[in-house]
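Accompanying notes for the structure given below.
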Amino acid sequence: MHRFFIHTFTVISIVLMTLCLPAAAKNANDSFKPGEIWLDEAGTPINAHGGGILFHEGRYYWFGEHKIEGKEGNFAHVGVHCYSSEDLYRWKDEGIALKVSKNPKSDIAKGGILERPKVVYCAKTKKFVMWFHLEIGQNYSTARSAVAVADTVTGPYRFIESKRINAGFWPMNVHGRFKEPLRADETEYLKKIQMRGGPVEGYPLDMIYRRDFFDGQMARDMTVFVDDDGTAYHIYSSEENGTLHIARLTDDYLNHSGDWVRVFPGKFNEAPAIFKKNGKYFMFASGCTGWSPNAARLAVADSIMGEWTELGNPCRGTEEEKNFTFHSQSTFVIPVVGKPDTFIFMADRWNPENAIDGRYVWLPVLFDENGIPYLEWRDEWKY
Ligand code: GAL
């Protein structure tokens, strides 16, 4: 009788353990589940939106916008949150890397707009440099770029400045009359057009950067890309979001060098995310429809400063998936370290009604027989 109980107990334990194993593995996060709530190692939902990843000395660091609940969460009440991981699956909370300021006069005053932070490591200065899109106040009219710096990867980051950029420099890929300040009639024309951050009737292809020549170029959605030779580039939506700019940063990554190009004038690309494979540069982007998703775009170039060629929508799947990029918007592409040709498309599924509940959509970057990247939905996957 006694032996029977022990035996039964053992069998039940084994059955229970086997049943529980998959659940235990799930809790430990060893796969990506796009669109679900992602917990950090302490069991708290990860709060790092519009983010980017830096790999440094054996660890990945994820920096993103810390959002709060409700609509107010669309504004910056906390700062830039940092998490770290060895494998991209399990994330340790490293706290707030850059805090918004309690001083209402500060450029990064609490309650403003601070978006899409990206951190890069400058080997030359041994500093960590964070760039982000900043708006003074709660509307999108100032279109500034801001920079902060730290001695250690997780911060604290010290805010340096925010500004319009490349004032007094003409783009490298325009010539002749396209390098002249606006004429009076053009200034009048521009005043009549109501810019909304998205495509508008009569959008002038060659006026806005000329208007902004003296005071500096607008910059909203953005990323930073460090090339193999250590040169860093700032890629951002400019000219009322109608045109992308790619601008080389100075050697310390803290300023713009004055070298910049315009890409796809009038095409209204946002959410740029760049990676390099076999010497080719690929860029994912989105259209401009605010927090609502739209169809992604893909472009390729042999040199980061162009010429860039459009390759169309990289998404495969249902019409819904293709038209709305799996209900997400790109923010970064992660090169998986130690796995050549393995890249992760990192995107946000925004929730403007309850900003903190925005979700992360990470998908594998797949390549067709010609080496062209494409994206497909996965409920759950591993690299
Ligand atoms: C999106 C942009 C976000 C945020 C939002 C505001 O298009 O990608 O970063 O700026 O608009 O409506």
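The values are calculated or read from the model by the stated rules, or taken from the named source; none is laboratory data. Here the structure is a predicted model, which is why all the values come from computation and not from measurement. Because the Cβ atoms are built from the backbone with ideal geometry, glycine has one as well, and the counts that use them run over all protein chains shown. For accessibility, only protein heavy atoms count, side chains too; no ligands or nucleic acids. Shrake-Rupley method; radii C 1.70, N 1.55, O 1.52, S 1.80 Å.
Here are some notes:
- Taking the stretch 53-94 and a reference point 7 angstrom along Cα→Cβ of residue 152, the backbone N atoms nearer than 13 Å belong to 94.
- Estimated at the nearest 10 Å², the accessible area of residue 378 is 70 Å² with a 1.4 Å probe.
- Full-extension gain in nm, residue 31 to residue 186, via 0.36 nm per residue minus C-alpha separation: 50.4 nm
- Ignoring lysines fewer than eight residues from residue 277 along the same chain, the ones with Cα atoms less than 27 angstrom from its Cα are 33, 118, 124, 126, 127, 267, 322, 339, 382.
- The Cα atoms of the chain cover 101, 52, 42 Å along the three principal axes, with the biggest extent listed first.
- Sparse-neighbour loop sites [chymotrypsin sites (Phe, Trp or Tyr not before Pro); the stretch 208-253; at most 13 other C-beta within 10 Å; DSSP]: 214
- Compared with the alpha-carbon gap, the fully stretched path from residue 353 to residue 291 is longer by 21.3 nm at 0.36 nm per residue.
- FRET E, pair residue 250, residue 102, Förster distance 30 Å, beta-carbon r, rounded to 0.05: 0.45
- When the GluC sites (Glu not before Pro) in the stretch 300-369 are filtered for DSSP coil states and for at most 13 other beta-carbon atoms within 10 Å of their beta-carbon, the remaining sites are 307, 353, 369.
- Approximate spin-label separation residue 377-residue 170, in nm, with each point projected 7 Å along Cα-to-Cβ: 4.9 nm
- Length gained on full extension, residue 276 to residue 231, computed as 0.36 nm times the residue gap minus the Cα-Cα distance: 14.9 nm.
- Relative pair counts by distance (%), Cα atoms of the stretch 283-338, 10 Å bins: 23, 45, 29, 4
- Structure-based [θ]222 nm, the chain - -39500 (n - 2.57) summed over DSSP H runs of at least 4, per residue, nearest 500: -3500 deg cm²/dmol
- Residue 62 accessible area, assembled protein chains, probe 1.4 Å, Å²: 0 Å²
- Bridging of residue 192 to aspartates and glutamates at a Cα separation below 15 Å is possible for 201, 240, once same-chain residues fewer than 8 apart are set aside.
- Measuring r between the beta carbons of residue 123 and residue 307 and using R0 = 35 Å, the FRET efficiency lands at 0.75.
- Qualifying trypsin sites (Lys or Arg not before Pro) for the stretch 167-199 [loop in DSSP, other Cβ within 10 Å: at most 14]: 183, 196
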